[in-house]
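Every number here is computed from the coordinates shown, using simple stated rules; none is lab data. Since this is a predicted model, take the numbers as computed values, not measurements. No Cβ is skipped: glycine too gets one built from the backbone with ideal geometry, and neighbour counts run over all protein chains shown.
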Amino acid sequence: MNASSLTRRALLLAAAAAAVPARAADWPTRPLRIVLPFPPGGTSDLVARLLADKLAAALGQPVVVESKPGANGIIASDFVAKSTDGHTLLFASAAHASNATLYPKLPYDSARDFVPVALVVPPGPMVIVAHPSLPANNVRELIDAARRNPGKIAYASAGVGNTLHLAGEMFDQMAGVQMLHVPYKGAAPALNDLMGGQVQLMFNSALVVAPQVKDGKLKLIAQTGARRSPVLPADLPTVAESGLPGFEVTGWFGLFAPANLPREAVRRLNAEVQRAMATPEARDKLVLLGSPEPSTLSPEGFGAFVDAETQRYAKVIKAANLRLDLPGN
């Protein structure tokens, strides 16, 4: 074998070694990267950076947060799914669960190409919030108004297929009504038009709409969790207890890894995430997001949670006949 062949073989072996994750006992052996599907500066970015700082101290390696926004989180997810360094992670929202059905031609398989690591921000409440002019102050009155005026009550969302939209679709299906969906390019312009009265309703994060509700510019109709949240007014009922049992839409964030990360590394990461989010500083952030207690779910428990969320959204998406294609498909 000549020198050239030896050089080529050495390069191939080095490339193969780089593609295999480090042994769990040695992991991590290099800086970690948490990929965020959202632009910098938002709530998810703040939580991800707090988590990165805590993990860096616990794991003895730098942890950087890198934003790759776009395509409802698909750009970031695809990047992480195809990473082979064993040190790249995905910080994803509920869109990770709904995208599996919403986009029939994803460039990755959500179940096959990822392993759930940890639930970073447990399910936090969303609320149904309305313009004061809407002649409905609770779920029953909203359903009655929607039945009297099919297609007339307009609800805003941050775009087709996002969680705010799917919450409205779920409400329509379970209540047997038809409201008008008005998609916007983001939650901020949607909220602005709601306050201006151009639309009457919105499903949104309780944290986001709290200032407008406090100032009397908007009114609360109900909360969307399975149970009443301790961070919301005690007299604000859930949609489920107001006539639509089983209705539940919440916001959450979780950490995922490529499927080739060793199981022992996944378990270590899960334990360190739980420790990080149980610190006083992290708990304060969770309370602001409507999640008063950090998660104690194991990787398997988080996986079961993601499966349930995927199935919940799949029913809504299929019933609404929603389908989105990526550019070029």
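DSSP bridge analysis restricted to segment 125-242 gives an antiparallel fraction near 55%, rounded to the nearest 5.
Ignoring aspartates and glutamates fewer than eight residues from residue 82 along the same chain, the ones with Cα atoms less than 17 angstrom from its Cα are 66, 109, 113.
Residue ranges 314-321, 264-271 sort as 264-271, 314-321 when ordered by packing (mean number of other C-beta atoms within 10 Å per residue, highest first). In order along segment 92-107, phi translates into HN-Hα couplings of 10, 10, 4, 4, 4, 7, 6, 4, 4, 9, 5, 10, x, 10, 5, x Hz, rounded to whole numbers, per the Karplus curve 6.51 cos²θ - 1.76 cosθ + 1.60 with θ = phi - 60° and x for Gly and Pro. Spin-label pair residue 147-residue 300: with each label point 7 Å from Cα along the Cα-Cβ axis, the two points sit 4.6 nm from one another. Model label points for residue 192 and residue 49, set 7 angstrom from Cα along the Cα-to-Cβ axis, are 2.5 nm apart.
Sorting 224, 310 from the fewest to the most surrounding beta carbons within 10 angstrom yields 310, 224.
What's the ranking of 210-217, 77-84 by average number of surrounding C-beta atoms within 10 Å, highest first? Show your work: numbers first, answer last.
Numbers: 210-217: 12.6, 77-84: 19.0.
Result, highest mean first: 77-84, 210-217.
Residues 91, 247, ranked from the fewest to the most other C-beta atoms within 10 Å, line up as 247, 91.
Per the Cauchy relation, a quarter of the hull surface: what is the mean projected area of the convex hull of the alpha carbons in segment 177-225, in nm²? Value for segment 177-225: 3.9 nm². Apply the Karplus curve 6.51 cos²θ - 1.76 cosθ + 1.60, θ = phi - 60°, to the phi angles in segment 62-72 and return the couplings in whole Hz, x for Gly and Pro. These are the phi-based 3J(HN,Hα) values: x, 10, 10, 10, 10, 8, 9, x, x, 6, 6 Hz. For the chain, DSSP calls about 60 percent of its internal beta bridges antiparallel. Each residue of segment 29-39 was assigned a 3J(HN,Hα) from its phi angle through the Karplus curve 6.51 cos²θ - 1.76 cosθ + 1.60 (θ = phi - 60°); the sequence is 10, 7, x, 9, 10, 9, 9, 10, x, 10, x Hz, with glycine and proline shown as x.
A Cα-only calculation for segment 125-242 places Rg and Dmax at 12.7, 34 Å.
Using 1/(1 + (r/R0)^6) with R0 = 45 angstrom and r between the beta carbons of residue 217 and residue 26, what's the FRET efficiency to the nearest 0.05? Efficiency for this residue pair is about 0.25. Extension gain for residue 112-residue 138 works out to 5.2 nm (0.36 nm per residue, less the C-alpha to C-alpha distance).
By counting other Cβ atoms within 10 Å of each Cβ, how are 30, 312 ranked from fewest to most?
With the fewest neighbours first, 30, 312 line up as 30, 312.
Could you grab the relative contact order for the chain? Cα pairs under 8 Å, six or more apart, rounded to a whole percent. Relative contact order comes out at 26 percent. Here the mean projected area of the convex hull built on the C-alpha positions of segment 176-329 is 12.5 nm². Pairs to check: 152/219; 105/315; 219/315; 68/185; 68/105; 54/285. Give those whose C-alpha atoms are more than 22 Å from each other in this structure. With Cα atoms farther than 22 Å apart: 219/315. So if each residue of separation counts as 0.36 nm, and I subtract the Cα-Cα distance between residue 319 and residue 173, what length gain in nm does that give? Roughly 51.8 nm would be gained on extension.
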